[in-house]
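The next block holds one structure in the form of structure tokens; read it before the comments.
Throughout, read-outs are computed from the coordinates displayed, never taken from laboratory work. Fair warning: this is a prediction, and the values are worked out from it, not measured in the lab. Positions of Cβ are backbone-derived with ideal geometry, glycine not excepted, and every protein chain shown enters the neighbour counts.
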Amino acid sequence: MDRQVRTSPGAAYDLGYHVVWCPKYRRPVLGGRVKTRLEELIHAKADEHGWQIVALEVMADHVSLSVRPHPKNSPSYVANQFKGFTSRHLRAEFAHLRSQLPTLWSRSYFVATVGAVSAETVQRYIETQYERTPKGGGRA
């Protein structure tokens, strides 16, 4: 992520969040068509809000996302927008998600602002997860 100062009326900002969330019970249900559709939905929600997705990786048991929102959007708002929107659509489109899980996502999530570590470090972390993850899934 290069340093990109964005502007809006009354503000100039360079803000990024690294957001990670998991399915309920960390079940590995995010593969195949579910993964493809989840990626589409995440991009659609980001476009709706005017947020820039820098990096996105959907693993079988978690989602890792680097996003640049507007500063008026709190980290909890950003995480909950993605989780709520994707859960509603995925559970409507894939019946097995309704039957396997009481809710798609766990209530928790991880958010870090990009800045304590460089944006490049976060992007490299997301893009190289498959190289570090042991076969059969791993932890975020």
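Can you tell me which of 40, 120, 48 moves the most in a GNM of the chain? Springs connect C-alpha atoms under 10 Å apart. Top of the fluctuation ranking is 48. Taking the Cα centre of the range 16-132 as origin and assigning +1 to Lys and Arg Cβ atoms and -1 to Asp and Glu Cβ atoms, the resulting dipole is close to 520 debye. Taking amide H as placed 1.01 Å from N in the peptide plane, the amide H of residue 105 sits under 5 Å from that of 24, each at least 5 places away or on another chain.
In whole angstrom, the range 1-102 maps to an equivalent ellipsoid with semi-axes of 28, 13, 11, each derived as √(5λ) from the alpha carbon gyration tensor and ordered largest first. With helices as the sole contributors, the chain gives -12000 deg cm²/dmol at 222 nm; each DSSP H run of n ≥ 4 counts as -39500 (n - 2.57), and the sum is divided by every residue.
With both labels modelled 7 Å from their Cα along Cα-to-Cβ, the residue 11 to residue 70 distance reads 0.7 nm. Subtracting the Cα-Cα distance of residue 35 and residue 99 from 0.36 nm times their residue separation leaves 21.3 nm of extension gain. Summarising the label geometry, the points placed 7 Å from Cα in the beta-carbon direction at residue 121 and residue 88 lie 3.7 nm from one another. Put in order of Cβ neighbour count within 10 Å, fewest first, the listed residues 45, 72 become 72, 45.
Here the Gaussian network model covers the chain, with springs between Cα atoms less than 10 Å apart; of 33, 68, 124, 33 fluctuates the most. The residues 14, 47, when put in order of fewest to most other Cβ atoms within 10 Å, stand as 47, 14.
Across 32, 84, 16, mean-square fluctuation computed from a Gaussian network of the chain (C-alpha pairs under 10 Å connected) peaks at 32.
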